[in-house]
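The block underneath contains the structure these notes are about, expressed in structure tokens.
Any read-out appearing in this document is the output of simple, stated calculations on the displayed coordinates, not a laboratory observation. Because the structure is a prediction, the values reported are computed rather than measured. Positions of Cβ are generated from backbone atoms using ideal geometry, with glycine treated the same way; all protein chains shown enter the neighbour counts.
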Amino acid sequence: MNDLRTGIGYDIHRMVEGRELRLGGIRIEYPKGLLGYSDGDVLLHAICDALLGAAGLGDIGGHFPDTDPAYKGISSLELLRHVVKLLHESGFEVVNIDANVLAEAPKIGSHISDMKEAIGGAVGISPKRVNVKGRTSEGLGEIGRGEAIAAQAVAMVQQKD
Ligand code: MG
């Protein structure tokens with residue numbers, strides 16, 4: 001029987017002026033960007049946590065502490081690649097990833113295909129095994145006011161024989 005395991009990830013980052021918006025491993029033209037010690041890519045962080053969770057390998061904060069200068073301004077695609085390397089070293093391969101991006105703006109619909117390519121490329125799986133869904137917060141709360149973007153992700157991994 002296949003040894004399948006699932007993991008869940010969540011993250012939220014503040015939107016601020018003067019930062020490039022990096023989301024799902026791509027750059028999106030927008031007047032604001034996500035604040036963070038790395039590039040602030042909230043979607044990739046949620047995916048990293050889902051993958052680490054599925055493999056029982058802890059969380060992103062434990063592997064990439066925000067007190068370590070090595071991770072200041074780092075592309076979250078590099079963090080994701082490193083997470084996948086850790087999974088492979090532990091004998092896991094990634095089956096699929098599904099994610100929600102909660103953002104009032106910008107609309108991400110036209111960027112989803114590029115995000116799937118970027119995420120699939122970093123994880124080493126077909127973009128068909130990556131799903132990204134965008135939704136708003138109906139104007140409610142900090143996400144609804146455009147002050148933050150959040151992301152949720154689930155991942156399935158399989159222990160290799
Ligand atoms: Mg984060």
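Label points 7 Å out from Cα along the Cβ direction at Thr67 and His88: separation in nm?
3.1 nm
In the neighborhood of Ala54, defined by Cβ-to-Cβ distances under 14 Å, what is the net charge if each Lys or Arg adds +1 and each Asp or Glu adds -1? Before the final figure, lay out the partial values.
Details: positive: Arg5, Arg129, Lys160; negative: Asp3, Asp49, Asp59, Glu93, Asp98.
Residues near Ala54 contribute -2 overall.
Which value, in Å³ per residue, describes the convex hull spanned by the Cα atoms of segment 4-159? Let's see the in-between values first.
Details: hull volume 15.0 nm³, N = 156.
Here the figure is 96 Å³ per residue.
Can you compute the helix-only [θ] at 222 nm over the chain? Use -39500 (n - 2.57) per DSSP H run of at least 4 residues, normalise by all residues, nearest 500 deg cm²/dmol. Write down the numbers at each step before the final one.
Numbers: 5 runs with 47 residues, N = 161.
Computed ellipticity for the chain at 222 nm equals -8500 deg cm²/dmol.
Specify the longest stretch of the chain that does not include any exposed loop site, a site being one of the GluC sites (Glu not before Pro) with a non-H, G, I, E, B DSSP assignment and at most 16 other Cβ atoms within 10 Å. Show your work: numbers first, answer last.
Numbers: sites that count: Glu20, Glu29, Glu138, Glu147.
It runs 30-137.
Please work out how much length the chain gains when fully extended from Ser126 to Glu20, using 0.36 nm per residue of separation minus the C-alpha to C-alpha distance, in nm with one decimal.
Details: separation 106, 0.36 × 106 = 38.16 nm, distance 2.70 nm.
Residue separation times 0.36 nm, minus the Cα-Cα distance, leaves 35.5 nm.
By the scheme Lys and Arg +1, Asp and Glu -1, what is the net charge of all other residues having a beta-carbon under 12 Å from that of Asn100?
Numbers: positive: Lys133, Arg135; negative: Asp11, Asp98.
Neighbourhood net charge equals 0.
What does the C-alpha gyration tensor say about the overall shape of segment 48-116? Classify as rounded when a/c is under 1.5, otherwise prolate if a/b is larger than b/c, or oblate.
Values: a/c = 2.13, a/b = 1.31, b/c = 1.62.
It is oblate, given that a/c is not under 1.5 and a/b is not larger than b/c.
Which ³J(HN,Hα) values in Hz, rounded to whole numbers, follow from the phi angles of segment 9-21 under the Karplus curve 6.51 cos²θ - 1.76 cosθ + 1.60, where θ = phi - 60° and Gly and Pro get x?
After applying 6.51 cos²θ - 1.76 cosθ + 1.60, I find x, 8, 7, 9, 10, 7, 8, 9, 6, x, 10, 5, 8 Hz.
Loop-only trypsin sites (Lys or Arg not before Pro) in segment 59-144, please: DSSP not H, G, I, E or B, and at most 12 other Cβ atoms within 10 Å.
Sparse-neighbourhood loop trypsin sites (Lys or Arg not before Pro): Lys72, Lys107.
What are the residues whose amide H is under 5 Å from the amide H of Gly146, where those residues sit 5 or more places off or on another chain and H is modelled from the backbone?
Amide H neighbours of Gly146: Glu104.
Pairs Lys72/Lys128; Lys85/Lys160; Lys72/Lys160; Lys32/Lys107: which are spaced more than 22 Å apart, C-alpha to C-alpha?
Working: Lys72/Lys128 31 Å; Lys85/Lys160 14 Å; Lys72/Lys160 34 Å; Lys32/Lys107 13 Å.
Among Lys72/Lys128; Lys85/Lys160; Lys72/Lys160; Lys32/Lys107, the Cα-Cα distance tops 22 Å for Lys72/Lys128; Lys72/Lys160.
Computed over the Cα atoms of segment 97-161, what is the convex hull's projected area averaged over all directions, in nm²? All intermediate terms of the calculation are to be shown ahead of the outcome.
On the way: hull surface 19.7 nm².
Mean projected area for segment 97-161: 4.9 nm², to one decimal.
How much length is gained if the chain between Gln158 and Arg27 is pulled fully straight, taking 0.36 nm per residue apart and subtracting their Cα-Cα distance, in nm to one decimal?
Details: separation 131, 0.36 × 131 = 47.16 nm, distance 3.07 nm.
Length gained, Gln158 through Arg27: 44.1 nm.
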